Each structure stands twice: as structure tokens, then as C-alpha cells.
1. Could you work out which residue, out of Ala177, Ala63, Ala152, moves most in a Gaussian network model of the chain, that is, has the largest mean-square fluctuation with Cα springs under 10 Å?
2. Let me cross-check Phe118: its accessible surface, 1.4 Å probe, with only protein heavy atoms counted, in Å² to the nearest 10?
3. What does the charge count around Thr115 come to, taking other residues whose C-beta lies under 13 Å from its C-beta (Lys +1, Arg +1, Asp -1, Glu -1)?
4. Would you compute, for the Cα atoms of segment 142-210, the largest minus smallest coordinate along each principal axis and list the three values in descending order, in whole Å?
5. Please give the net charge around Pro180, taking every other residue with its beta carbon less than 15 angstrom from that of Pro180, where Lys and Arg add +1 and Asp and Glu add -1.
6. What percentage of the solvent-accessible surface of the chain, computed with a 1.4 Å probe over protein heavy atoms, is contributed by carbon and sulfur atoms?
7. Output the Kirkwood hydrodynamic radius of segment 1-43, Cα pairs only, in Å rounded to one decimal.
8. On a 0 to 90 degree scale, rounded to 10, what angle separates helix 45-55 from the longest Cα axis of the chain?
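The values are calculated or read from the model by the stated rules, or taken from the named source; none is laboratory data. Computed from a predicted model, the values in this text were never measured in an experiment. Note: ideal-geometry Cβ built from the backbone for every residue, glycine included; neighbour counts use all protein chains shown. Surface areas here come from the heavy atoms of the whole protein model, side chains and all, with no ligands, DNA or RNA. Shrake-Rupley method; radii C 1.70, N 1.55, O 1.52, S 1.80 Å.
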Amino acid sequence: MTLAKNIRYLRLKNNWSQDYLADSLGYKSYTTIQKWETGVSEPPLKTLGKLAELFGVDMDELANRDFELPSENNNTSKSTGVSIPIVSTIVAGMPADAYEDILGYEEISHSLAKTGDFICLKVKGDSMSPVIQDSDLVIVRHQPDVENGDIAVVRINGDEATLKQVQKSEAGITLIAYNPSVYPPHFYSNKEIEELPVVVEGKVVEMKRSF
């Protein structure tokens, strides 16, 4: 897991979101970065070279050096980010001025904070495993729509919001879990989207996991 830890460490050290790093490497989705940082997969050798160049280290350091994770820094280190609330459920109309279920606070970079309103959601359940697992933290930017293939927080029929990948078509949307044995793909027609309703609350832009 050394490579996975190092990619996460160096990304956070540079105050980069997973979205930003994915875009810098020519990937369409941040989920590729998630998989690298959780050890689900590893970057190809050519991409490893690009990563090392972006981070300003050599490939051997990136793959083998035991960098110190930000969470392991001593208490004298200064905060360099913006604090957002960690919640266990997403309330309707997020973001809100106050939450009843605040579990703590998480930091995001100032550059990311400037792009919108954010909260941090503590994941419940295994429907998005192995990429996003139970108790992982996901950074959610409030927005009413997402691109095809994005992971979004979606509310159905006014119930508690769910975390799923969104696939769009002319006929409607399909909510997809990475673990279909827990949550099979579910299609909602344009009529159901309007009448239930099916509402996008925000886009997941980053995932954080404690090693």
C-alpha cells in the first residue's frame, strides 16, 4: 500500500482534489484516482512517470518512499485548509446553515472551497465497495446536476439521500452501485424523475480513507 499512501499524501500536500489530479493526467473521472489511493488498482508505468513529474519526485520515491501522511503530522502543524462539517445524512436542500448530525469537521483546500459549497458525508453501507467503503468520507459539492458517469448524492421520493453513480440517457437516469449484489442498477424514467421526484443533491469530488 506504499504507492497508494504516497499518491494520497502528495496530492493532499499540493492541496489538489482528486478531480484536479485526474484532469491533469487526462482522465475523465476522479474514480481512477480513488482506486489508486485505496490500492484497488495501480497506475500504468507511463502514468506513474507523469505522476512523479507532477509531484516533483522521482518514480522510485513515489513507489517506495514512506512519506508521512498528513494525519500523522504533529499537533504543532498549522491548518492550511477550510473546515466543512462531517455528517451521516444529507438533509434536503443541502447545504444548510446547521446540521443536527454533525460528527466532526474535515478540511478541504482553499482552492477547492472556492469552487462551491461543500459538506463531508460519512458513507454508510457497502453498495459502492470496493472503491468507496463503509465509513469512508466523501467530499460533496452542492450542485443540482452532474455529468454522465459522475458519483452523486441523489434523493428519491424525499427519502434519505443515496450515493450512486449516475448514468444518463434520453429516457431517464440509471443509478449504479459498484457492488450490484447489494444494490442492483435502478432505472428512473423522466416521468419518475419529475413525479417522485429524483433529485441530485451534489457531486462527490473527493474520497478520504484512514489507513
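1. Of Ala177, Ala63, Ala152, the Gaussian network model singles out Ala63 as fluctuating most.
2. We get 20 Å² for Phe118.
3. With Lys, Arg at +1 and Asp, Glu at -1, the net is -1.
4. 41, 28, 23
5. Residues close to Pro180 contribute a combined charge of 0.
6. On the way: 5220 of 11120 Å².
Solvent-exposed carbon and sulfur of the chain make up 47 percent of the total.
7. For segment 1-43, inverting the mean 1/r across all distinct Cα pairs yields 10.1 Å.
8. 80
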